[in-house]
1. Among the residues of the stretch 132-163, which ones are closer than 24 Å to Val278 by Cβ and part of a helix (DSSP H, G or I)?
2. If Arg326 satisfies all but one of (1) open to solvent by less than 80 Å² (accessible area, probe 1.4 Å); (2) in contact with a Leu (Cβ under 8 Å, 6 or more places away or on another chain), what's the number of the condition it fails?
3. Is one or more of the residues making up the stretch 32-43 open to solvent by 30 Å² or more (accessible area, probe 1.4 Å), within 23 Å of Glu347 (Cβ to Cβ), at pLDDT 95 or above and under 23 Å from the mean Cα position of the chain (by Cα)?
4. Restricting the stretch 95-133 to residues that are of a type in the set (Gly, Ala, Ser) and open to solvent by 20 Å² or more (accessible area, probe 1.4 Å), which is farthest from Glu20 (Cα to Cα)?
5. Could you list, in sequence order, the residues of the stretch 325-348 that are in contact with a Lys or Arg (Cβ under 9 Å, 6 or more places away or on another chain), among the acidic types (Asp, Glu) and in contact (Cβ under 8 Å) with a residue 60 or more places away in the chain?
6. Would you mind finding the one in Pro25, Pro58, Pro29 that is more than 18 Å from Pro154 (Cβ to Cβ), under 24 Å from the mean Cα position of the chain (by Cα) and surrounded by fewer than 23 Cβ atoms within 10 Å (Cβ to Cβ)?
7. Look at the stretch 61-113 and say how many of its residues are under 19 Å from the mean Cα position of the chain (by Cα) and assigned to a strand (DSSP E or B).
8. For the stretch 272-316, name all the residues that are of a type in the set (D, E, K, R), open to solvent by 60 Å² or more (accessible area, probe 1.4 Å) and part of a helix (DSSP H, G or I).
Amino acid sequence: MAQQVRGVIAPGKDEPVRVETVVVPDPGPGEAVVKVQACGVCHTDLHYKQGGINDDFPFLLGHEAAGVVESVGEGTGEVEPGDFVILNWRAVCGNCRACRRGRPWYCFDTHNAAQQMTLTDGTPLSPALGIGAFAEKTLVAAGQCTKVDPAASPAVAGLLGCGVMAGIGAAVNTGAVGRGDSVAVIGCGGVGDAAVVGARLAGAARVIAVDIDDRKLTQAAAMGATHTVNSTATDPVAAIRELTGGFGADVVIEAVGRPETYEQAFYARDLAGTVVLVGVPTPEMRLELPLLDVFARGGSLKSSWYGDCLPSRDFPMLIDLYQQGRLDLEKFVTERIALDEVESAFERIHAGDVLRSVVVL
């Protein structure tokens with residue numbers, strides 16, 4: 001029997017979000033209903049509200065979540081009721097050309113639940129990133145549920161579902177940061193700070209954090225950055241080169257998603273170095289670089305989508321590191337809030353006042 005729960009809805013472009021009653025159907029084949037315990041407030045949810053993703057309003061927001069599987073449909077495979085899971089927005093298909101080549105983190109046919117959640121009047125909802133977890137319960141594809149140790153705090157475990165995984169993965173998976181490497185991270189919000197953490201986990205000897213906000217640079221230093229650069233006062237390319245013996249960093253991670261910061265990343269890397277784009281640009285943005293410079297400098301220009309993660313591989317490993325005290329996920333949680341405080345949390349995100357607000361249910 002379908003259930004009625006409370007959830008945060010974005011009714012229209014730039015309209016305030018509100019808590020409404022959401023109808024969650026019983027899970028069908030390959031689906032699961034998850035009782036949400038915590039969900040981070042991510043910039044992507046704000047983009048949905050602003051119409052920056054698409055115009056499929058109304059949206060059921062929230063995607064950076066952890067909870068307990070309540071019920072499953074037929075053919076769900078590895079998850080069952082009672083499992084503590086982190087939700088991911090890329091359920092791997094196992095059959096596409098990337099999966100068959102042993103590269104499931106590039107899966108070209110990821111999927112979500114087939115059924116739709118609705119309002120009580122039958123209006124279909126578009127769940128953010130196929131999840132919709134600013135709700136007491138949500139319906140997802142079973143492949144979007146990744147089992148982890150239930151001893152982990154839901155408020156921090158859920159952060160691996162998006163921003164923290166994107167940043168750590170940009171350093172560890174996409175950038176392949178190695179022991180002794182020099183790394184620069186441009187943009188020190190949640191994803192950038194996670195990239196700082198990932199670089200240190202991978203053994204980087206020098207991690208240079210770049211931002212225009214001294215508050216964020218202070219936070220990046222607390223996350224493990226060895227040096228900080230305020231790019232409103234100092235040319236970041238010159239500063240990164242000076243801090244790396246005049247050569248540039250081995251890996252530069254761009255966590256802003258703007259042409260001007262990408263250009264900085266391009267010229268701040270060493271010859272044959274790597275640039276990783278994990279910041280999300282908008283559709284109208286264009287990049288212009290001298291093709292000769294692209295050719296002559298060598299190296300790699302990469303984009304990192306979801307940190308090139310494989311949830312079944314990466315989420316349990318990172319939870320293990322958290323429980324061992326080697327990955328301080330608590331540092332990412334600025335505040336714990338209720339469902340009806342999401343709108344005010346968006347205001348604090350926009351002002352740069354928080355790293356992560358987390359809705360706790």
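The values are calculated or read from the model by the stated rules, or taken from the named source; none is laboratory data. Every value quoted in this text rests on a predicted model; they were computed, and no experiment measured them. Methodologically, a virtual Cβ is constructed for each residue, glycine included, from the backbone with ideal geometry; neighbour enumeration extends over all protein chains shown. For the accessible areas, the whole protein counts, side chains as well, though only heavy atoms, and no ligand, DNA or RNA atoms are used. Shrake-Rupley method; radii C 1.70, N 1.55, O 1.52, S 1.80 Å.
1. Gly143, Gln144, Ala155, Val156, Ala157, Gly158, Leu159, Leu160, Gly161, Gly163
2. (1)
3. Within the stretch 32-43, the subset open to solvent by 30 Å² or more (accessible area, probe 1.4 Å) is 35, 37, 43.
Remaining after also requiring within 23 Å of Glu347 (Cβ to Cβ): 43.
Within this subset, residues satisfying the condition of being at pLDDT 95 or above are none.
Looking for residues that are open to solvent by 30 Å² or more (accessible area, probe 1.4 Å), within 23 Å of Glu347 (Cβ to Cβ), at pLDDT 95 or above and under 23 Å from the mean Cα position of the chain (by Cα), one finds none in the stretch 32-43, hence no.
4. Within the stretch 95-133, the first condition is being of a type in the set (Gly, Ala, Ser), and the residues that meet it are 98, 102, 113-114, 122, 126, 128, 130, 132-133.
Restricting the remaining residues to those that are open to solvent by 20 Å² or more (accessible area, probe 1.4 Å) gives 102, 113-114, 122, 126.
On the way: Gly102: 42, Ala113: 21, Ala114: 22, Gly122: 13, Ser126: 14 Å.
Within the stretch 95-133, the match that is farthest from Glu20 (Cα to Cα) is Gly102.
5. Listed by number, the residues that qualify are Asp340, Glu343.
6. Working: Pro25 fails: under 24 Å from the mean Cα position of the chain (by Cα); Pro29 fails: under 24 Å from the mean Cα position of the chain (by Cα).
Only one candidate passes the filter, namely Pro58.
7. Applying the first criterion (under 19 Å from the mean Cα position of the chain (by Cα)) to the stretch 61-113 yields 61-67, 85-92, 104-108, 110-112.
Cutting the leftovers down to assigned to a strand (DSSP E or B) gives us 64-67, 85-87, 91, 111.
Residues that pass the stated criteria total 9.
8. Narrowing the stretch 272-316 to residues of a type in the set (D, E, K, R): 284, 286, 288, 293, 297, 302, 308, 313-314.
Checking the rest, the ones that are also open to solvent by 60 Å² or more (accessible area, probe 1.4 Å) come to 284, 286, 288, 302, 313.
The one that is of a type in the set (D, E, K, R), open to solvent by 60 Å² or more (accessible area, probe 1.4 Å) and part of a helix (DSSP H, G or I): Arg313.
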